[in-house]
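Visitor: Supplied in structure tokens, the structure appears directly below.
What follows draws every value from the coordinates through simple rules; no lab data is involved. Keep in mind the model is a prediction, meaning the values are calculated, not measured. Glycine also receives a Cβ, built like all others from the backbone with ideal geometry; neighbour counts cover every protein chain displayed.
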Amino acid sequence: MISLGRSVVWFKDVGRDDLGLVGGKGANLGELTRANIPVPPGFVVTADTYFHFLAQNGLEPVLKKELFGLDVSDSRALNERAERIKQRIIEAPMPAHIADEIKAAYTELGEGAVAVRSSATAEDLPEASFAGQQSTFLNVVGGDNVVKAVQACWASLFEGRAIFYREEAGYDHLKVGLAVPVQRMVQSEKSGVMFTIEPVRSDPNTITIEAVYGLGEGIVSGEISPDLYLVKKDTLQITSKTHVPQPRQIARAQDSDGGHEGANSWQSVPDELVDRPKLDDNDIRELARIGRSVEQHYGNPQDIEWAYEGGKFYLTQARPVTTLKSAMDEEDGEEETAPVLLNGQPASPGVGVGIVRVVHDPRDIDIVRPGDVLVAEMTTPDFVPAMKRASAIITERGGRTCHAAIVSRELGIPCVVGVANATSLEIDRLVTVDGSAGVIYDGRAEARLQWAARQKERYSRAATLKTTTKLYVNLAEPELADVVAKRHVDGVGLLRAEFIVAQIGTHPRQFIEDGHPEEYTKKLAEGISEFCRAFAPRPVVYRLTDFKTNEYANLRGGAKYERSEENPMIGFRGASRYIQEPDIFRLEVDAIKLVRSEFTNLAIMVPFVRTPAELQGVKRALAEQGLVRAPDFKLWMMVEVPSNVLILDRFIDVGIDGISIGSNDLTQLVLGVDRDSEKLAETFDERNEAVMLAIQTAVTTARRRGLTVSICGQAPSVYPEVTERLVEWGATSVSVSPDMIDQTREIIADAEAKLGRAPLMLPSRE
């Protein structure tokens with residue numbers, strides 16, 4: 001039993017159920033230890049200890065102040081604030097009882113060199129990859145140095161790249177904790193990365209192994225191009241071996257003092273080993289056998305870091321593979337006539353074209369504009385904002401499991417790694433990057449671009465499917481409207497007002513006080529119109545503003561207008577605000593009317609309605625301003641409060657056209673779980689039988705009453721089985737995030753086919 005009062009817990013005492021306490025990395029190391037997988041022994045400084053450290057030093061207000069109003073797209077401002085935050089954390093005194101417990105555990109571990117790693121409570125999860133955000137310190141020796149390294153790991157939670165990732169993923173900075181695993185250091189003679197699936201083509205029958213001499217940081221960072229071995233998973237037959245000569249390696253510095261700075265150095269590989277393969281056939285099969293055991297234990301493909309010392313393999317990390325794509329056909333079709341400039345390893349499939357932008361320093365990423373080809377020696381998490389803008393990515397170093405490869409696959413951007421002399425490419429030169437074949441062509445490689453287009457069409461059955469159940473998309477950013485509107489979607493099932501309001505940046509009451517309410521109305525109308533224009537004549541369901549008090553307070557002027565609430569999630573929000581603040585609600589209604597004067601495809605949806613009386617009050621306020629239900633103006637209601645499910649008939653009696661189930665809030669309130677709580681992350685599950693019963697009840701009740709029924713929460717974007725049940729119960733539509741459009745369309749089509757509703761094939765939109 002783990003003592004919650006302890007700062008340190010041992011690997012053997014934790015597992016996958018302790019994610020909130022020890023983070024993804026710590027939980028996995030504990031789980032592997034329990035499963036008798038060869039893992040170097042160690043302990044974890046818990047995430048609770050990190051939060052205690054912040055509280056003891058009064059750092060939370062400092063963090064809030066530094067993060068308030070930060071524009072993460074401004075690289076310079078982001079890094080300046082990140083450095084200030086890190087310095088405050090590093091300079092803060094470590095409480096004596098924490099330091100003593102860490103040093104005692106280090107002594108019990110046997111002292112000697114250890115690896116001190118970061119394990120964020122939102123890191124290494126199946127939903128997303130956050131590789132490389134926080135720091136790792138290797139070859140740390142001495143209790144005091146271990147304590148310093150732990151503190152440095154905590155500070156690294158606020159690296160600029162980490163802040164950027166959390167903003168993009170929607171995580172609350174102050175609710176993400178950091179545990180720190182401390183592990184006996186394996187002085188790797190060889191090391192590398194193993195995927196229990198071929199990561200570029202997502203072949204589940206192939207294990208991919210990359211290997212280098214020395215410590216593994218060289219391969220993960222992309223500094224060293226590794227050997228590559230492919231192994232059949234069922235028979236352990238080696239199907240491919242690619243050897244790359246390696247003249248240098250990363251190893252422990254002989255003169256290291258054991259601190260967390262400068263503990264490793266570049267050293268020459270012995271001459272007799274430079275041209276020798278890193279692993280022989282027996283080693284390859286043994287490592288593949290271990291990888292297969294790990295996958296069988298977890299039940300899904302794994303991304304594994306390994307090390308070899310003294311004739312034995314050790315696993316230093318394992319996490320789920322976060323990006324699985326359908327395999328692409330090998331048939332090349334028409335021969336490409338464009339000259340080949342360079343070759344490398346295929347890392348992320350697809351073909352992209354653009355002008356070359358060579359970036360030598362992440363501080364210069366702003367030179368990369370949308371549609372450019374990003375070229376770098378290697379990428380780090382600091383490059384991610386530019387990677388998102390690029391049409392393709394090329395790196396000189398790295399293998400299929402380096403940072404550039406992983407992130408490119410997540411973003412769906414073609415990528416080629418291990419390209420010799422890539423940074424010597426002429427700036428502004430037009431190139432075509434074939435991430436499926438690992439080739440860079442001079443100019444437009446028309447045959448490869450056409451091939452990629454054919455493959456996309458061939459393997460995107462969803463683009464030609466018409467399903468009875470409509471597929472909507474959840475959107476918030478106006479700049480994405482035109483792009484997503486070109487996809488095979490039936491409309492917008494959830495248009496969030498909050499992002500538009502955040503871009504306006506000022507509290508609506510401030511506009512009223514300043515005497516310019518029409519300015520707020522105009523800006524809001526302009527944002528909504530972007531979506532209506534892009535999707536017309538397809539419907540756009542606009543969810544009325546559902547800012548919580550703490551979110552409104554972050555707007556300019558908001559602090560003086562918003563009350564402080566202990567639990568804003570169930571506080572003054574949604575329908576209650578429209579009734580109690582009619583002057584502010586009037587501005588939003590005026591914006592809707594302004595949009596409706598030009599676009600008739602706009603419907604509205606009322607969020608967080610607690611009682612039928614509240615719904616009646618909102619309808620009355622709308623009617624007073626001339627907005628009433630009509631054949632071309634639909635009124636929807638969010639179903640996200642348990643009362644919505646229990647007495648849905650009474651809400652329907654008030655008069656609405658449709659419902660959309662907000663599975664995030666509904667799950668939170670049905671289970672009594674704060675969806676932002678890392679400690680309760682395992683409990684927050686939309687597939688829980690109580691939540692699924694609530695959803696089924698809402699769907700069947702609404703359909704019995706003749707209403708349209710949709711769902712716009714996270715559940716169908718994450719769990720295909722939820723989508724299948726929705727179709728089975730009779731939902732008329734499903735609304736998902738843009739990245740899930742094609743996959744969800746196919747899931748819907750397959751589910752309808754099982755029910756005897758054969759999908760219709762239509763000409764492609766593209």
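Visitor: Spelling out what I want: for every residue of the stretch 357-374, take phi, set θ = phi - 60°, compute 6.51 cos²θ - 1.76 cosθ + 1.60 (Karplus), and round to whole Hz; glycine and proline get x.
Guide: 10, 8, 10, 8, 9, x, 5, 9, 5, 5, 6, 7, 9, x, x, 6, 9, 7
Visitor: Can you give the helix-only mean residue ellipticity at 222 nm for the chain, where every DSSP H stretch with n ≥ 4 adds -39500 (n - 2.57) and the sum goes over all residues, rounded to the nearest 500 deg cm²/dmol?
Guide: -11500 deg cm²/dmol
Visitor: Excluding residues fewer than 8 places away in the same chain, name every one of the lysines whose C-alpha is closer than 23 Å to that of K754.
Guide: Hits, sequence-local ones excluded: K466, K470.
Visitor: Quick one: angle between helix 582-596 and the longest Cα principal axis of the chain, in degrees between 0 and 90, rounded to 10, please.
Guide: Its long axis makes an angle of about 90 degrees.
Visitor: How far is helix 47-56 tilted, in degrees, relative to the longest principal axis of the Cα atoms in the chain, given as a value from 0 to 90 rounded to the nearest 10?
Guide: Helix 47-56 sits roughly 80 degrees off the main axis of the chain.
Visitor: When only DSSP loop residues count, what GluC sites (Glu not before Pro) in the stretch 537-600 have their Cβ near at most 14 other Cβ atoms within 10 Å?
Guide: E566, E598
Visitor: Using the Cα centre of the chain as the reference point, and only Cβ charges (+1 on K/R, -1 on D/E), how large is the resulting charge dipole? Debye, rounded to the nearest 20.
Guide: 1860
Visitor: Expressed as an acute angle from 0 to 90° and rounded to the nearest 10, what is the orientation of the C-alpha long axis of helix 96-109 relative to the principal long axis of the chain?
Guide: Roughly 50 degrees between the two axes.
Visitor: Sticking with this structure for a sec: Of S156, H173, L59, which is farthest on the positive side of the dipole of the stretch 8-184, counting Cα position, with +1 on Lys and Arg Cβ, -1 on Asp and Glu Cβ, and the Cα centre as origin?
Guide: Value: S156.
Visitor: In the stretch 340-455, with Lys and Arg counted as +1 and Asp and Glu as -1 at Cβ, which of these residues, G438, L374, V419, has the Cα nearest the positive end of the dipole, that is, farthest along it?
Guide: Value computed over the given set: G438.
Visitor: May I ask you to derive the relative contact order of the stretch 32-111, considering only C-alpha pairs under 8 Å and at least 6 residues apart, and to give it as an integer percent?
Guide: The value is 34 percent.
Visitor: Could you list C153, C532, C415 so that the one with the fewest beta carbons within 10 Å of its beta carbon is first and the one with the most is last?
Guide: On the way: C153 27, C532 24, C415 34.
Lowest count first: C532, C153, C415.
Visitor: Order these by the 10 Å Cβ neighbour count, fewest first: S265, S564.
Guide: Placing the least packed residue first, the sequence is S564, S265.
Visitor: While we're on this one: Mind listing the phi-derived Karplus ³J(HN,Hα) values for the stretch 689-701, rounded to whole Hz, using 6.51, -1.76 and 1.60 with θ = phi - 60°, and x for any glycine or proline?
Guide: 4, 5, 5, 4, 5, 5, 5, 4, 4, 5, 5, 5, 5
Visitor: Based only on Cα atoms, what mean projected area does the convex hull of the stretch 460-761 have, in nm²? Provide the component values of the computation, followed by the final result.
Guide: On the way: hull surface 60.7 nm².
Taking a quarter of the hull surface, the average projection is 15.2 nm².
Visitor: A613: net charge of surrounding residues, Cβ under 13 Å, Lys/Arg +1, Asp/Glu -1, itself excluded?
Guide: Numbers: positive: R610, K619, R620, R650; negative: E614, D653.
With Lys, Arg at +1 and Asp, Glu at -1, the neighbours total +2.
Visitor: Expressed as a rounded percentage, what relative contact order does the chain have, with Cα pairs under 8 Å and six or more residues apart?
Guide: Taking the mean separation of contacting Cα pairs over the length of the chain, I get 10 percent.
Visitor: Could you give the spread of the C-alpha atoms of the chain along their three principal axes, from largest to smallest, in whole angstroms?
Guide: 85, 69, 48
Visitor: Taking 8 Å as the Cα distance limit and 6 or more residues as the minimum spacing, I'd like the relative contact order of the stretch 8-184 as a percentage.
Guide: 33
Visitor: Can you find, among L29, W451, L555, the residue farthest towards the positive end of the dipole of the chain? Put +1 on the C-beta of Lys and Arg, -1 on that of Asp and Glu.
Guide: With unit charges placed on the Cβ atoms, the residue in question is L555.
Visitor: A further question follows. To make sure I understand, if each residue's beta carbon is the centre and we count other beta carbons within 10 Å, what order do T395, T506 fall in, fewest to most?
Guide: Lowest to highest Cβ neighbour count: T506, T395.
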